[in-house]
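Participant: The structure under discussion is supplied below as structure tokens; questions concerning it will follow.
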């Protein structure tokens with residue numbers, strides 16, 4: 001009897017649990033549009049590869065309304081590519097809530113080994129050992145520092161202690177490639 005009751009509860013609870021961790025149709029469409037906007041051709045291979053993950057987590061955390069209000073998405077839930085490009089370039093900003101959610105999504109999706117491999121083409125003669133050391137160095141940077149620095153950059157606090165600290169740490173990591 002208990003086994004049948006457990007199965008019945010599982011059958012009722014499983015669809016609720018599955019729907020809670022997914023995106024609805026509008027959110028999925030918005031995430032697809034953001035993914036395409038985040039993975040511009042000029043972006044590194046690792047950035048293009050992680051764009052879907054970042055977009056899904058970003059929209060999943062916020063929903064679409066804050067992204068529309070911030071100007072990241074149109075009312076039709078299409079990514080505003082020029083605006084997003086300006087935010088990425090540091091010439092526009094977004095509200096802290098939107099910046100914080102982006103930063104959290106980025107750090108949860110970051111593949112530091114892939115980021116290091118992208119640097120191989122930029123630096124040229126880096127050995128496999130140097131690239132591994134570079135990736136290890138990136139992984140040693142505190143997630144909270146990454147998250148805060150990214151959020152600060154997107155919300156316009158470009159001289160915050162987190163952005164200054166991240167710049168210093170990234171500069172230290174770059175020494176692994178020289």
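The values are calculated or read from the model by the stated rules, or taken from the named source; none is laboratory data. This is a predicted model, so every value here is computed, not measured. Note: ideal-geometry Cβ built from the backbone for every residue, glycine included; neighbour counts use all protein chains shown.
Participant: Looking at 77, 23, can you tell me which residue is modelled with pLDDT under 95, buried (at least 18 other Cβ atoms within 10 Å of the Cβ) and either over 30 Å from residue 135 (Cα atoms) or out of contact with any strand residue (DSSP E or B) (no Cβ under 7 Å at 6 or more places or on another chain) (or both)?
Facilitator: Numbers: 77 fails: modelled with pLDDT under 95.
Step by step, each of 77, 23 is checked, and only 23 is modelled with pLDDT under 95, buried (at least 18 other Cβ atoms within 10 Å of the Cβ) and either over 30 Å from residue 135 (Cα atoms) or out of contact with any strand residue (DSSP E or B) (no Cβ under 7 Å at 6 or more places or on another chain) (or both).
Participant: Go through 40, 59 for me and flag whichever is part of a loop (DSSP other than H, G, I, E, B) and either touching a strand residue (DSSP E or B) at 6+ places or on another chain (Cβ under 7 Å) or closer than 30 Å to residue 117 by Cα (or both).
Facilitator: Being part of a loop (DSSP other than H, G, I, E, B) and either touching a strand residue (DSSP E or B) at 6+ places or on another chain (Cβ under 7 Å) or closer than 30 Å to residue 117 by Cα (or both) holds for just one of 40, 59, which is 40.
This table checks each residue for (1) at pLDDT below 95; (2) farther than 19 Å from residue 103 by Cβ; (3) surrounded by fewer than 16 Cβ atoms within 10 Å (Cβ to Cβ); (4) within 16 Å of the chain's Cα centre (by Cα).
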| residue | (1), (2), (3), (4) |
| --- | --- |
| 12 | yes, yes, yes, no |
| 33 | no, yes, no, yes |
| 45 | yes, yes, yes, yes |
| 72 | no, no, no, yes |
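Participant: Tally up the residues in segment 72-120 that are part of a loop (DSSP other than H, G, I, E, B), within 19 Å of residue 148 (Cα to Cα) and touching a residue at least 24 places away in the same chain (Cβ under 8 Å), please.
Facilitator: Within segment 72-120, residues that are part of a loop (DSSP other than H, G, I, E, B), within 19 Å of residue 148 (Cα to Cα) and touching a residue at least 24 places away in the same chain (Cβ under 8 Å) number 6.
Participant: Still on this model: Could you list, in sequence order, all residues of segment 121-133 that are outside any helix (DSSP H, G or I), at pLDDT below 85 and surrounded by fewer than 16 Cβ atoms within 10 Å (Cβ to Cβ)?
Facilitator: Answer for segment 121-133, where residues must be outside any helix (DSSP H, G or I), at pLDDT below 85 and surrounded by fewer than 16 Cβ atoms within 10 Å (Cβ to Cβ): 124, 125.
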